[in-house]
Amino acid sequence: MGELQLGLLATGAAVVAAVYLYNRWQERRHRREAEASFTSRHEDVLMRSRGGIEEKKSASGSDRAERAFGSFDASSEDSGASEPVLSEIVDFIVAVETPEEIRGAAILGAAAAALGSCSKPIRWEGFDETEASWEPLDPQRSYSRLRSGMQIVDRRGATDAEELAAFGAAIEQAATSIGALAPVPDSGPAIAKAKELDRFCGEVDFRVAVHIVSNAGPFSGTRLEALAKAAGFELDRADGRFRRRDKYGRIMCALLNFDPTPFSVDRMKSLSMRGVTLELDVPRTPRGAFEQFRDTARALAERLNARIVDDNRQLLGPAAFDAIGARVQAVHRGMEARGIVPGGALALRLFS
């Protein structure tokens with residue numbers, strides 16, 4: 001065999017090897033990208049614990065959208081629409097006793113500096129003698145009875161003895177400065193209650209997330225935006241998520257891009273995506289919210305020619321949704337047993 005033939009054979013072998021290695025590299029790269037998109041970026045569907053066709057507007061299209069998505073009106077006795085009020089369940093409360101009426105602004109001003117370092121939310125109330133009930137403190141009104149409370153638990157955890165002591169001392173000092181008294185209760189029971197309540201909240205604090213992934217090619221941002229608006233979602237510019245609210249303004253569920261790029265008004269017309277994620281914050285939503293969440297996921301999947309999957313790209317059928325629904329109901333029952341209405345004012349405070 002001549003040198004020319006040997007050279008051609010060597011060159012051919014090198015080309016084949018290069019093509020083979022390139023194909024292997026491409027395969028590994030695409031597999032890594034797919035795994036990163038479908039698994040590592042998303043948590044388990046049940047364990048999110050401490051989560052190009054532009055549609056024209058028309059009457060018939062709107063009616064069809066309403067029939068497909070339904071109207072969202074999950075109701076609750078405690079709607080969460082009213083102003084937050086102090087509660088023995090979640091607040092360490094110190095009463096302020098005054099010999100005569102004082103303006104709300106006086107006590108607020110006296111306590112502002114000392115309370116500035118507290119990490120937990122603090123609320124003030126004044127007693128309305130006419131209505132015989134407590135109301136959020138109005139700085140312009142005068143009261144003979146006032147009280148302040150520090151929230152003992154939120155999603156950051158429970159308060160501690162040092163912070164409760166600092167809060168009590170601040171209220172006591174502020175009261176003294178305006179000629180009032182503020183006897184501080186023993187903080188021991190509140191500390192124990194905070195630890196136990198924080199443990200319970202950790203057990204029930206989870207989000208449900210399902211992914212609606214295209215069966216064919218990517219779908220356009222304009223298509224998704226039209227469907228989202230028809231389903232009652234509005235885009236929050238702050239974090240690029242669509243959110244659906246009830247008539248009280250409570251967030252029922254959120255719709256976000258399956259890929260890392262957040263939604264934005266400017267990018268929706270040029271954006272294309274292969275999937276979206278629908279998310280439900282369980283303790284912050286009322287009874288009935290999960291059923292609407294499930295129906296919305298199914299309607300979106302049908303309209304987008306997509307399938308509903310979990311974080312492992314496993315299809316979610318009726319049985320899977322039934323299992324998730326049962327867990328959601330168990331969480332809601334547990335909350336109600338403690339006097340915390342799912343999606344109500346106390347729940348919104350605790351899970352914030």
Residue by residue through the stretch 216-225, which ³J(HN,Hα) values in whole Hz follow from phi under the Karplus form 6.51 cos²θ - 1.76 cosθ + 1.60 (θ = phi - 60°), with glycine and proline marked x? 10, x, x, 10, 7, x, 5, 5, 5, 4
Report the one residue of Val208, Leu255, Pro283 whose Cα lies farthest in the direction of the positive end of the charge dipole of the stretch 206-304 (charges on C-beta: Lys and Arg +1, Asp and Glu -1; origin at the Cα centre). Pro283
Restricting things to alpha carbons, find the Rg to Rh ratio for the stretch 141-186 using the Kirkwood radius for Rh. 1.04
Can you give the Rg and Dmax of the stretch 271-337 based on its C-alpha atoms, in angstrom? 13.3, 46
Please provide three numbers in whole Å: the alpha-carbon extents of the stretch 85-136 along the principal axes, with the largest listed first. 34, 27, 15
The pairs in Lys229/Lys269; Lys120/Lys247; Lys120/Lys195 lying past 26 Å Cα-Cα in this model are Lys120/Lys247
What is the projected area of the convex hull of the Cα atoms of the stretch 185-231, averaged over all directions, in nm²? 6.6 nm²
Just the number, please: carbon plus sulfur as a percent of the accessible area of the stretch 266-352, 1.4 Å probe, no ligands or DNA/RNA counted. 48 percent
Suppose every Lys and Arg Cβ carries +1 and every Asp and Glu Cβ carries -1, with no other charges. What dipole size does the stretch 264-352 come out with about its Cα centre, to the nearest 20 debye? 120 debye
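The values are calculated or read from the model by the stated rules, or taken from the named source; none is laboratory data. Because the structure is predicted, anything quoted here is derived from the model rather than measured. Cβ sites come from the backbone with ideal geometry, for glycine too, and all protein chains shown count toward neighbours. With ligands, DNA and RNA removed, areas are computed over all heavy atoms of the protein, side chains included. Shrake-Rupley method; radii C 1.70, N 1.55, O 1.52, S 1.80 Å.
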